[in-house]
C-alpha cells in the first residue's frame, strides 16, 4: 500500500494510463442507480470512475482528491465521455484529513476505498455525514478488516481497514439513519476467493 502522500499517489497515477477501471464500482452502480439525479460528491475520487458515471446519469458531481494528477485525468475523461455536459463534473484538489465538504449540500455522498486507519478516518466519516442533505444518501465502501485473513487483495495492514461496526459508530450522533452496515463479498477474476468489503449505507431523513 502506498503511503498517504499526494506525491506518491501522483507518481503512481502519472506512471499508468489508468490505475483503476474506467467503469464505476459495481456496488456503487447497484446502490445508486435508482436514485434521482441531484448533487453528489465523490470523496477520494481518484481518476473519477464513479463521479463520471454519475455525471453521465444526470448528476452534478464534485470529485475531491488530493492527487491533482488523478483529477486532471478525471477532467480529461469527462470531456471525452460527456462532451458538452462535461461541466456536470467539478474537481477539487483536497486532502480529506484537512478539508471538509459543505454541510448539508449533497444528495449523494460517496466515500469509496479510502483507507487511513480508524483514528484518521473518524473525522472524515463525520465530515462526509455532515455534508449529506435532507433526504440524501451516504455510501461508504472500503476493504474490510477481515479481508486480510479471509479475502483477497487490498491493503494487508489491518490497522487501516475498517469494520461496518466501526464506521457505524463513527456516524453516531450525525443524524443519519443506517440502512445497511455489513461485510459483502466481491468476486475477483482469477482470485482463489472473493474479496471482503465493508459496506455502510445511510440516509438523512427529509
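Any read-out appearing in this document is the output of simple, stated calculations on the displayed coordinates, not a laboratory observation. Because the structure is a prediction, the values reported are computed rather than measured. Cβ coordinates were reconstructed from backbone atoms using ideal geometry, including for glycine residues, and neighbour counts include every protein chain displayed.
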Rounded to the nearest 500, the 222 nm mean residue ellipticity computed for the chain from DSSP H runs (n ≥ 4, each -39500 (n - 2.57)) alone is -8500 deg cm²/dmol
Going by C-beta contacts inside 10 Å, put 67, 159 in order with the fewest on the left. 159, 67
Which of the peptides 166-176, 49-59 is most tightly packed, and how do the rest follow, judged by the mean count of other Cβ atoms within 10 Å per residue? 49-59, 166-176
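To the nearest 0.05, how large is the calculated FRET efficiency for residue 178 and residue 146 if R₀ is 22 Å and r is the Cβ-Cβ distance?
The computed FRET efficiency comes out at 0.70.
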For the chain, what percent of Cα pairs sit more than 27 Å apart? 26 percent
GNM result for the chain, Cα springs below 10 Å: residue of 87, 144, 75 fluctuating most strongly: 87
Residue of 108, 71, 35 that the Gaussian network model of the chain assigns the largest fluctuation, springs spanning Cα pairs under 10 Å: 35
What nm value, rounded to one decimal, do you get for the distance between residue 169 and residue 57 when each label is placed 7 Å out toward the C-beta? 3.3 nm
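Quick one: work out the % antiparallel among DSSP beta bridges in the stretch 6-203, nearest 5.
Working: 16 of 36 bridges.
Roughly 45 percent of the beta bridges in the stretch 6-203 run antiparallel, per DSSP.
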Does anything in the stretch 133-157 have its amide N under 17 Å from the 7 Å Cα→Cβ label point of residue 30, and if so which residues? 139-144, 152
The answer for the per residue Cα convex hull volume of the stretch 89-191, in Å³, is 127 Å³
Do you know the relative contact order of the chain, to the nearest whole percent, from alpha carbon pairs under 8 angstrom that are 6+ apart? 16 percent
Cβ-based exposure ranking for 126, 88, 76, in which fewest neighbours within 10 Å come first: 76, 126, 88
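Determine the gain in length on full extension of the stretch residue 87-residue 159; use 0.36 nm per residue of separation and subtract their C-alpha separation, reporting nm with one decimal.
That pair, residue 87 and residue 159, stretches by 22.1 nm at full extension.
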